[in-house]
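The values are calculated or read from the model by the stated rules, or taken from the named source; none is laboratory data. Owing to the predicted nature of the structure, the values given are computational and were not obtained by experimental measurement. Here the Cβ positions follow ideal geometry from the backbone for every residue, glycine too, while neighbour counts run over all protein chains shown. Surface areas here come from the heavy atoms of the whole protein model, side chains and all, with no ligands, DNA or RNA. Shrake-Rupley method; radii C 1.70, N 1.55, O 1.52, S 1.80 Å.
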Amino acid sequence: MLAFLQFAVILDFMLMSPLGAVIMPALNIAPSQFGLVVSAYAFSAGISGLLTAGFADRFDRKRLLLFFYTGFILGTLWCGLAQSFESLLLARIVTGLFGGVIGSVVLAISTDLFPPAMRGRVMGMIQTAFAASQVLGIPVGLYLSNNWNWHVPFMVMAALGLVGGLLVAYKLQPVAEHLKVPQEHGAWKHLFNTVTEPRYLIAFATTALLMTGGFMLMPFSSAYLVANLGIDLHHLPLVYLITGVCTIFIGPLIGRSADRVGKFRVFLFGTGLSIVMVLIYTHLGRVALPVVVLVNVIMFVGIFSRMIPFQALVSSVPVSTQRGSFNAISASIQQLSGGLASVVAGHIVTIGMDGTLHNFDLIGYVVVCTALVAATLMWRLNRNLQAAASGNAS
């Protein structure tokens with residue numbers, strides 16, 4: 001159920017970019033206006049995470065999840081009904097305000113319900129939502145848009161999302177064990193204490209670096225595949241489809257490996273593989289389609305081998321009374337750092353006279369540097385958790 005909610009949120013965020021070619025002429029808006037519509041979600045989601053952090057641990061997590069998920073569904077429905085730039089912009093802001101918090105509540109519930117020894121598998125299952133959105137969501141969304149109009153994908157997603165929300169409402173039990181522990185007085189004090197807790201700062205910094213690396217590559221990947229690697233537009237969905245199918249199966253395997261071998265060890269493996277594959281990917285010439293697919297799949301194996309064990313390991317960092325606020329702040333950092341990374345990448349990459357992207361290899365070097373710094377911080381974070389566990393045991 002949690003993976004489905006994560007799938008709905010990720011799909012809503014990812015749908016806008018491929019639908020841009022249809023939305024811009026339909027609403028008669030410029031690319032700059034459409035860029036504002038896309039970024040409005042990320043920034044409103046980031047702000048929402050900070051605003052929610054102060055009271056995220058004061059309610060039953062199930063009720064909190066359903067509250068924000070209801071707002072998310074209504075925002076998605078508004079997107080489908082929008083008939084103007086202003087209406088769509090407001091709809092995306094509202095959707096971001098509610099949708100940006102859902103992921104953090106999902107992680108908090110997962111941490112509350114499952115012990116550390118199982119969290120690798122749990123995070124692996126939840127992370128398959130990203131792959132599923134590539135395999136099922138984007139192709140289906142484009143199909144619905146091409147056969148009817150761009151409003152239909154949002155309407156269908158709102159209807160399916162409603163079914164998922166009702167299932168959670170009836171099947172998920174209350175998650176309120178954290179309420180048995182005395183709470184801090186004042187939402188702002190709770191937020192301040194979470195943000196300034198020294199044990200959490202390393203985790204927040206690592207989160208920012210991991211998101212920075214991913215969001216520097218993603219916005220330009222489709223343009224790079226077409227313009228620089230010579231992939232035909234008709235074959236472009238195939239690259240994402242095969243990558244998504246592979247990662248759906250690989251994600252749970254990585255999670256199980258993290259539980260068996262060790263979360264930090266799997267993270268280091270993912271970091272090394274990611275560095276190698278990012279350097280290969282950003283320096284590819286015009287190669288055959290199977291080569292591009294293979295490189296893309298292996299690169300995503302590296303990315304998932306970092307994200308899944310990181311989420312599983314970092315779930316042990318906050319105490320139960322600060323778990324909601326910690327995850328809300330972490331989600332806010334993800335959105336804001338991702339938005340900033342996209343802006344920075346946009347200033348690095350240039351388009352040549354022949355339409356190819358220049359300086360894409362520089363983005364690869366930046367991603368490698370962020371990966372190395374993130375690995376160093378992850379080492380310190382793992383060491384601190386082991387020291388804390390030894391202290392508790394003694």
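Okay, here's what the table says:
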{"read-out": "The chain, relative contact order [Cα under 8 Å, separation at least 6], %", "value": "27 percent"}
{"read-out": "The chain, helix-only ellipticity at 222 nm - DSSP H runs n ≥ 4, -39,500 (n - 2.57), divided by all residues, nearest 500", "value": "-28000 deg cm²/dmol"}
{"read-out": "Contour excess over end-to-end distance, with Cα ends at VAL245 and LYS171 and 0.36 nm allotted per residue", "value": "23.8 nm"}
{"read-out": "For the stretch 187-232 and the stretch 238-300, distance of Cα centres in Å", "value": "18 Å"}
{"read-out": "Distance (nanometres) between label positions extended 7 Å along Cα→Cβ at ASN146 and VAL38", "value": "2.0 nm"}
{"read-out": "The chain: most fluctuating residue of PRO25, PRO237, PRO309 per GNM, C-alpha cutoff 10 Å", "value": "PRO25"}
{"read-out": "Accessible area per residue in Å² at 1.4 Å probe, computed on the chain", "value": "44 Å²"}
{"read-out": "Of all accessible heavy-atom area on the chain, the percent that carbon and sulfur account for (1.4 Å)", "value": "71 percent"}
{"read-out": "Debye intensity ratio in log₁₀ form over the Cα atoms of the stretch 183-289, taken at each q of 0.10, 0.12, 0.17 Å⁻¹", "value": "-0.49, -0.66, -1.01"}
{"read-out": "Fluctuation leader among SER315, SER87, SER39 - the chain, Gaussian network, Cα springs under 10 angstrom", "value": "SER87"}
{"read-out": "Kyte-Doolittle mean at least 1.0 and Cα axial length at least 15 Å: DSSP H helices in the chain", "value": "2-27, 31-53, 85-113, 151-171, 198-227, 236-261, 263-281, 289-314"}
{"read-out": "Full-extension gain in nm, SER84 to ARG380, via 0.36 nm per residue minus C-alpha separation", "value": "101.6 nm"}
{"read-out": "Option label - Rg and Dmax of the Cα atoms in Å computed here, alternatives (i) 20.5, 67; (ii) 24.5, 78; (iii) 20.0, 58", "value": "(i)"}
{"read-out": "Reach of LYS263 by Cα under 20 Å, taken over aspartates and glutamates that are not fewer than 8 positions away in the same chain", "value": "ASP112"}
